[in-house]
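A short write-up of the structure that comes next.
The values are calculated or read from the model by the stated rules, or taken from the named source; none is laboratory data. Quantities reported herein were computed from a predicted structural model and do not represent experimental measurements. Ideal geometry is used to build each Cβ from the backbone, glycine not excepted, and the neighbour counts take in all protein chains shown.
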Amino acid sequence: MKLHCFDSLPEGFLDAKAEDLEKILPGPSLISIPGDETKDPLFLSVLLHGNETTGFYAVQRLLKESEGKLARPLLLFVGNISAAAKALRHLPEQRDYNRIWSGGHSAEQKLATALLEKLREYKLFAGIDIHNNTGNNPYYGCINYLKPEFLNLAREFSSTLVYFIKPDSVLSMALSKLCPAITIECGVSGEEAGIEYVMNFIKHCIDLEDLSSEYATDDLNIYHTIGRIILPQGATLGFGEDLEDLDFSFVQDLDQLNFQDLDPGTVLGWRNNFDLKLSVLDESGEDVSDKYIEYQGREITLQSKITPAMFTLDTEVIHQDCLGYVMEHYLVK
Ligand SMILES: [Zn+2]
């Protein structure tokens, strides 16, 4: 798999649908978009996950509106277009494009390495990797370093921030070695409000002069990820209390709990197969379930105070990725 580089927008790019990009681009592509050359370029990444289209449509709209006059050059990476053609996160035979950025020899990892090598030729102003998720979540940013430039970039997007260092194979982690970098989570894919919000955020980042000023973090809600909740392979699940023929069932509005501070004893769902357990894997991959999850009869309850994120009602996502993340408040010293 090769990294394709373009010095200008490929024909048809501005009017393409995400699912048709495969007809316009030969593969994953880095597109250099001119702007005021006295400014350092802003790097944007869209469609690392093929079914997360908000970033792509936001950039498309911005480029149409700006009519070729940008106050800063852009470097746009368009990621997994073959998965976008099928509206999938990634194709079954592919690696997850946001888990390939820490080296390795697979086709996708080599592509990632080639892009990072190319980006080293530039002095980047900042890097933004744009994602969506499936549950009910606010717009929020994720950063991997708690330095002022990173916090300043993130706060322009949202006052809700997640700080994590694992998995370390995400793009924002690799970008962090080159420039202030952030992953942004822009709600459900393709929603009009999200596209508009992200377009305005990018516009704003293009206009920013400097990210280095120090400031207080009092106005930020920073969370730290402590683990992911995983279901046993092949377990059946549903939503609602009366689903006793399934291994697990969760509360109907599970995703409404996202970014809410939950007390010990909060009911997450019910376990109908007593041979199975949920796993909570911490950043080093260790199972820390006993600290967070408790079983009382059929009930699955919280053992300690946590804030969840990315709880989803999409069973496919739950099987492919996880039920959601466990976080706690993080105080920047
Ligand atoms: Zn994503």
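Couple of notes before you dig in:
- Of everything in segment 299-322 that is at pLDDT below 95 and of a type in the set (D, E, K, R), the residue that is surrounded by the most Cβ atoms within 10 Å (Cβ to Cβ) is Asp321.
- Restricting the search to strands (runs of 3 or more DSSP E) fully inside segment 261-309 and requiring at least 2 residues that are over 28 Å from the mean Cα position of the chain (by Cα) gives 267-271, 293-296.
- Contacts under 6 angstrom Cβ, first residue in segment 118-134 being in the same structural domain as Ala181 (by TED's automatic domain parsing) and more than 16 Å from the ligand (Cβ to nearest atom), partner of a type in the set (D, E, K, R) and at pLDDT 95 or above, 6 or more apart: Lys123/Asp40; Phe125/Asp40
- Picking from residues in segment 1-33 that are free of Cβ contacts under 8 Å to residues at least 60 places away in the same chain and touching an Asp or Glu at 6+ places or on another chain (Cβ under 8 Å), the one that is farthest from Ala83 (Cα to Cα) is Ser32.
- Checked against the criteria, Leu115 does not count as within 16 Å of the ligand (Cβ to nearest atom) and of a type in the set (A, V, I, L, M).
- The residues of segment 276-297 that are surrounded by 14 or more Cβ atoms within 10 Å (Cβ to Cβ) and either in contact with a Pro (Cβ under 8 Å, 6 or more places away or on another chain) or within 27 Å of Gly240 (Cβ to Cβ) (or both), listed by number, are Leu276, Lys277, Leu278, Ser279, Val280, Leu281, Ser289, Tyr292, Ile293, Glu294, Tyr295.
- Test: residue in segment 33-51 that is in the same structural domain as Lys177 (by TED's automatic domain parsing), of a type in the set (A, V, I, L, M, F, W, C) and over 21 Å from the mean Cα position of the chain (by Cα): yes
- Among the conditions (1) surrounded by 15 or more Cβ atoms within 10 Å (Cβ to Cβ); (2) without any contact (Cβ under 8 Å) to a residue 40 or more places away in the chain, the only one that Asp36 does not satisfy is (1).
- Counting only helices (runs of 4 or more DSSP H) wholly contained in segment 99-192, the ones carrying 3 or more residues that are in contact with a Pro (Cβ under 7 Å, 6 or more places away or on another chain) and farther than 16 Å from His49 by Cβ occupy 148-157.
- Set side by side, the residues Ser176, Ser102, Ser189, Ser106 differ, and just one is of a type in the set (Ser, Thr, Tyr) and within 16 Å of the ligand (Cβ to nearest atom), which is Ser189.
- Residue within segment 52-64 that is within 15 Å of the ligand (Cβ to nearest atom), more than 23 Å from Leu119 (Cα to Cα), touching a residue at least 12 places away in the same chain (Cβ under 8 Å) and of a type in the set (Gly, Ala, Ser) present: no
- Single unsatisfied condition, Ser212 versus (1) in contact (Cβ under 8 Å) with a residue 40 or more places away in the chain; (2) part of a helix (DSSP H, G or I); (3) more than 16 Å from the ligand (Cβ to nearest atom): (2)
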